[in-house]
Each structure stands twice: as C-alpha cells, then as structure tokens.
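Structure first, commentary second.
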C-alpha cells in the first residue's frame with residue numbers, strides 16, 4: 001500500500017471515529033504503528049486533518065442554540081468572483097460553514113447563534129448590509145433527524161440472536 | 001402410542017449450535033462473537049425497493065424458478081464478477097436462501113447410498129442434508145495441527161465407486177478459509193478424473209479479502225459438472241429475506257425445480273425484488289461492508305495471536321477459528337466456561353464436526369468495540385486459568 005493509499009485508509013477510519021487509537025488503526029490496516037503515527041502527524045501538520053470533533057445529539061441536553069441555513073445572492077466581483085465576498089462573510093465567528101452553490105443562490109451559510117435574536121442581529125446588521133449582497137433567505141432549523149450520518153431520532157439497533165450457525 | 005418419527009430423522013443429531021444457543025439465551029451482558037450473520041442492516045435502498053413493490057400490490061406468487069428479471073440480474077452479475085455465463089431461463093433457480101438450494105441440490109442428484117465428500121470443519125447443515133437426501137456424507141478433515149490444509153491424496157483415497165459428489169464451501173464457515181486457483185484446479189482434476197459432481201457453496205464469495213474470489217464453475221470444463229450455490233444473505237446483509245439461488249446445467253436445475261415447486265412453490269416475491277435492487281445498485285454497499293469486515297478481521301486475528309491462541313489469517317467470510325489446544329479444556333468446556341465466567345459467547349469448533357475439537361469459532365460480524373471487549377474478557381479468562 002502506497003503512502004497516499006494508506007493516508008486515505010487512515011482518514012477513512014478517522015472520519016467515522018476520531019477516537020480510534022493508533023494501535024487500533026495499525027491493527028486494522030496491518031501496518032506498523034510507527035508508520036501510522038507518522039502519517040497522522042504529517043496530516044495534522046499539513047492541515048489535511050484540521051481537528052478532531054464529536055458529533056453530538058443536541059436534543060440530549062437543554063440547548064437554546066439556534067442553527068439556520070442562509071441562502072445569499074450576491075454580485076461577483078471582477079477578477080475575484082465570489083471569493084472576496086466569501087472571505088468577508090466567513091470571518092464572522094457565527095458562520096460555521098460557507099459554500100459556493102449552483103442553483104437559486106450563490107452562497108449558502110450555516111449559522112449558529114446562542115439565541116434566535118443573535119442570528120437575527122447577524123443577518124440584519126452584518127450580512128444583509130454587506131456590499132455586493134443582494135438578498136438573503138433565512139431558514140431556521142427546527143429539528144435534527146440525522147447528523148453527519150448518524151440518525152438522531154431514537155432509532156435503536158435491531159436485535160439479533162446471540163448465536164446463529 | 002407409537003413413536004411417529006421417521007427412523008432417518010432419529011439418526012441425525014441436533015445442531016451443536018442449537019444446544020449452545022439454549023445456554024446463551026436469557027443471559028444478560030453477553031458479548032457475542034457467535035453470530036453467523038452480518039451486523040449491518042440491509043441497505044435502505046434495497047429495503048425501499050421491496051416496500052415500494054408491496055405498496056404497488058406486488059404480493060403474488062412468482063414463477064417457480066423465480067422472477068426472470070432477477071435471474072437475468074444474477075446471470076449478468078455472475079458474468080461480470082466471475083466470468084461465468086449462465087442462461088437465466090434454463091440454468092438458474094431462485095430459492096428460499098442458499099439453505100434450500102443445498103437441500104434440493106442433494107435431493108435432486110443423490111440416489112440412496114451415494115457418497116458425498118465433505119471437507120470438515122464444515123457448516124452444520126451439509127452432512128444432515130446429505131443424509132436426509134438418502135446419501136452418505138464422507139467427512140475429510142482439513143485440520144493439520146493448528147493449520148487448515150487440503151490433503152488431495154487423502155480425498156482421492158476416499159473416493160469409491162459410490163462417490164457422487166465433492167462438496168466445497170469457500171470462503172468457509174466456520175474457518176474463513178478460502179481456496180486459491182491452484183487448489184481449485186486440483187479439485188477440478190479430481191472431479192474430472194473420477195467423473196464427480198461438485199457442489200460449491202460460494203455464499204461468502206464476495207467477502208474475500210486478500211485476493212479475488214474464483215467461481216468454481218468458471219474453471220475450464222467445470223460448469224457442466226458444478227452446482228453453484230449462493231445467495232444474498234451475507235454480502236448484501238439480507239439474511240432474513242431468505243433469497244438464495246443455484247446455477248447448474250439445465251437438467252439438474254429442472255430436477256431441483258421439481259422438488260422446489262412442490263415443497264416451496266417459489267421464493268417470496270418481496271425478497272426477490274429486493275435482490276434485484278441489491279444487484280442493480282448494491283455494489284458500493286458490499287464494498288463498504290467488506291472494507292469494514294477486513295479491518296475487524298485484522299483486529300481479531302492480531303488479538304487472538306497476542307493471547308497466544310494461534311489464529312490463522314482467514315481469507316474470507318467473517319469467521320476466525322483460533323486454536324485453544326494449549327488449554328486443558330475441550331472446545332465445549334472452553335466455551336461454556338468462557339460464557340459462564342466472562343459472558344463471552346463463542347461457538348465450539350465441534351459444532352462443525354468432530355475435527356473441530358481444539359478450536360472455537362468466533363464471528364467478527366460484530367463492532368470493533370465488542371470484538372475488543374471480548375478479547376479483553378478472554379485475556380482475563382486465560383489469566384485466571386494460568387494460561388497467559
């Protein structure tokens with residue numbers, strides 16, 4: 001297995017479970033631990049791996065955090081397209097994710113705020129007032145059914161017999 | 001009152017797995033490596049196809065041979081994956097799981113007293129099905145010390161004028177062993193030399209990890225003397241749908257169909273529709289599950305060898321067959337003690353034939369967390385018995 005193939009295999013494991021240990025990954029891929037450790041460190045240094053985070057079910061604890069998706073229509077600028085306006089927007093800490101889109105809008109933002117008021121303030125005072133932003137459409141997230149591949153709505157694993165042939 | 005049971009059925013021992021299942025049932029906090037089925041749920045697009053068909057009122061019988069569309073899909077799949085060409089109208093039959101395919105295959109070809117060579121350790125059903133069909137199973141052990149080795153001279157020495165067929169299953173339940181081309185060619189030479197039928201159960205064929213699976217009937221001259229048995233349970237995580245199939249020469253399929261039409265009529269239509277969806281769009285699901293099984297295999301093999309319970313690296317399926325010969329227990333004693341003391345369920349090797357003594361079957365169709373927890377408990381067990 002080449003180093004590039006091995007990196008992909010490591011990432012494939014870590015995106016599903018960031019807590020998986022070097023020992024486990026080495027065993028799973030039948031590779032020396034030292035090599036796995038070095039490649040992970042290399043990917044951390046070159047920012048292939050940005051961070052390790054938990055996928056959580058917010059419904060399990062009392063949280064007023066508000067999340068919304070915002071469609072933004074804006075005017076591209078000569079020479080930089082949408083990059084300059086995108087840069088202005090993604091620097092706001094409320095913006096968790098920002099994507100350039102095809103279809104009915106130009107940019108799509110994922111915003112998180114402590115309260116709905118925070119989000120409303122951000123949209124009205126910061127986002128909509130930016131030069132080149134023509135319009136915004138805000139969609140508040142009401143319920144999460146699935147997050148990063150995990151079903152959140154109390155679905156349990158079907159039981160299997162303990163012993164089968 | 002008379003004993004109404006047939007004499008034949010009295011000669012067949014109950015499954016060793018069944019006896020062990022009775023011990024496990026009702027116990028709490030058991031970590032089970034005893035489950036011979038995928039721990040994945042059937043991919044949703046496959047389920048959804050079946051649900052849609054039910055909504056459309058597709059709840060009828062199908063042709064005895066199974067939906068022609070499914071037989072076409074299987075023929076395309078066998079050609080694409082294993083380079084073997086079957087006529088979907090004449091050489092394929094859809095059955096209720098691979099188990100039914102095996103049953104009707106033996107019943108279709110065996111005359112009373114015909115012998116069938118079976119390599120042990122083997123899946124629990126093979127020998128009883130041969131007996132029920134009037135045949136005589138001739139078991140040949142693959143065990144050489146702690147290794148699994150095919151002794152072709154020994155097989156040939158067991159061939160008599162009553163031998164009708166050789167039965168092979170690869171990758172194998174319970175050992176995970178598969179066969180490479182050189183071994184398959186030697187089976188082919190034996191079959192040709194002694195004019196034998198080969199019944200080849202390849203239900204785990206897709207779950208071969210270190211090299212490509214070779215379909216036995218794809219070997220030159222073998223399609224005419226092979227009953228290929230497979231199904232959707234393992235690779236597509238569809239155990240409960242009960243859809244299997246057999247591919248064989250037309251006259252054999254016709255003979256199998258005679259039994260199937262009277263005993264079963266047809267396989268359930270919803271399962272057949274789900275199987276079509278599996279073949280049309282399930283390739284990426286199989287790849288993803290296969291990747292995960294391979295990682296688990298690597299973890300469990302390393303784990304057992306670290307515990308000094310020798311475990312060969314199985315080439316396929318989702319089983320390992322570690323040796324416990326260095327312990328002062330029989331396979332059954334080991335499994336019962338392990339269950340009672342550590343609440344880890346594994347299956348005694350003897351459930352798969354007497355040659356399985358000294359081994360246990362562990363399925364890695366379980367999460368990595370469960371595999372690691374089971375290994376941790378087995379380590380505690382070995383330490384308590386001064387075996388580590």
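Bear in mind these aren't lab numbers, they're just calculated from the coordinates by the rules spelled out. Everything numeric here is computed off the predicted structure, so don't read it as measured data. All Cβ positions, glycine included, derive from the backbone under ideal geometry; neighbour counts span all protein chains shown.
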For chain A, the longest principal axis of the Cα atoms and the Cα long axis of helix A:33-45 enclose an angle in degrees, to the nearest 10, of 10
Summing -39500 (n - 2.57) over every DSSP H run of at least 4 in the protein assembly as shown, dividing by its residue total and rounding to the nearest 500, the 222 nm mean residue ellipticity is -11500 deg cm²/dmol
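Quote to one decimal, in nm, the extra length available between residue B:211 and residue B:18 on full extension: 0.36 nm per residue of separation minus the C-alpha distance between them.
Details: separation 193, 0.36 × 193 = 69.48 nm, distance 3.36 nm.
Difference between extended and current length: 66.1 nm.
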quick shape note, region B:156-225: Cα extents on principal axes in Å, largest first -> 37, 26, 18
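Using the beta-carbon distance between residue A:157 and residue B:10 and R0 = 35 Å, what value does 1/(1 + (r/R0)^6) give for FRET efficiency, to the nearest 0.05? Can you show the working numbers first?
On the way: r = 40 Å, r/R0 = 1.15.
Once the sixth-power term is evaluated, E becomes 0.30.
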Taking Rh as the Kirkwood radius computed over alpha-carbon pairs of region B:60-281 and applying Stokes-Einstein at 25 °C with viscosity 0.890 mPa s, one gets a diffusion coefficient in µm² s⁻¹ of 141
Long-range alpha-carbon pairs in chain B, meaning those over 41 Å apart, account in percent for 12
Assertion target for A:50, B:184, ordered by fewest C-beta neighbours within 10 angstrom first, is A:50, B:184
Between residue B:369 and residue A:6, the two model label points (7 Å from Cα along the beta-carbon direction) sit apart by a distance in nm of 2.9
Inter-part gap, Cα centre of region A:41-67 to Cα centre of region B:122-158, in whole angstrom, is 54
Nearest-0.05 FRET efficiency for residue B:377 and residue A:131 at R0 = 60 Å, using Cβ-Cβ distance, is 0.40
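Provide Rg over Rh for region A:8-122; use the alpha carbon set for both Rg and the Kirkwood Rh (inverse mean inverse pair distance). Walk me through the numbers on the way to the answer.
Details: Rg = 19.3 Å, Rh = 17.5 Å.
Taking Rh as the inverse mean 1/r over Cα pairs, Rg/Rh reads 1.10.
Working out 0.36 nm times the residue gap between residue B:157 and residue B:45, then minus their Cα-Cα distance, what length gain in nm do you get to one decimal?
Numbers: separation 112, 0.36 × 112 = 40.32 nm, distance 4.98 nm.
Answer, rounded to one decimal: 35.3 nm.
I need the calculated FRET efficiency for the pair residue B:258 and residue A:73, taking r as the beta carbon distance and R₀ as 56 Å, to the nearest 0.05.
0.20
Ranked by Cβ crowding within 10 angstrom, fewest neighbours first, how are B:99, B:15, B:60 ordered?
Values: B:99 20, B:15 15, B:60 7.
Ascending number of Cβ neighbours within 10 Å: B:60, B:15, B:99.
In what order do B:80, A:88 fall by count of nearby beta-carbon atoms within 10 Å, going from fewest to most? All intermediate terms of the calculation are to be shown ahead of the outcome.
Values: B:80 10, A:88 16.
Placing the least packed residue first, the sequence is B:80, A:88.
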Answer check: region B:51-189, Cα atoms, Kirkwood Rh, Rg/Rh ratio of 1.04
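If the convex hull of the alpha-carbon atoms of region B:292-341 is projected onto planes in all directions, what is the mean projected area in square nanometres?
Values: hull surface 15.7 nm².
Dividing the Cα hull surface by four gives the mean projection, 3.9 nm².
So between residue B:69 and residue B:336, what do we pick up on full extension, going 0.36 nm a residue minus the alpha carbon distance?
Details: separation 267, 0.36 × 267 = 96.12 nm, distance 4.75 nm.
Here the answer is 91.4 nm.
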One quarter of the C-alpha convex hull surface, i.e. the mean projected area of the protein assembly as shown in nm², amounts to 33.5
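Assuming 0.692 mPa s and 37 °C, estimate D for region A:58-142 with Stokes-Einstein, Rh taken as the Kirkwood radius over Cα pairs, in µm²/s. Intermediate results must be reported in sequence, preceding the final value.
Details: Rh = 13.3 Å.
Answer, rounded: 247 µm²/s.
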Taking a crude spin-label model, label points 7 Å out from Cα along the C-beta direction, the residue B:386 to residue A:16 distance in nm is 4.3
The percentage of Cα-Cα pairs in region A:1-67 separated by more than 15 Å is 56
Residues of region B:82-99 with backbone N under 19 Å of the label point set 7 Å from the Cα of residue B:181 along Cα→Cβ are B:82-85
Expressed in nanometres to one decimal, the distance between label points 7 Å along Cα→Cβ at residue B:326 and residue B:354 is 2.8
A correct Stokes-Einstein calculation for region B:29-128, using the alpha-carbon Kirkwood radius, 20 °C and 1.002 mPa s, returns a whole-number D in µm² s⁻¹ of 124
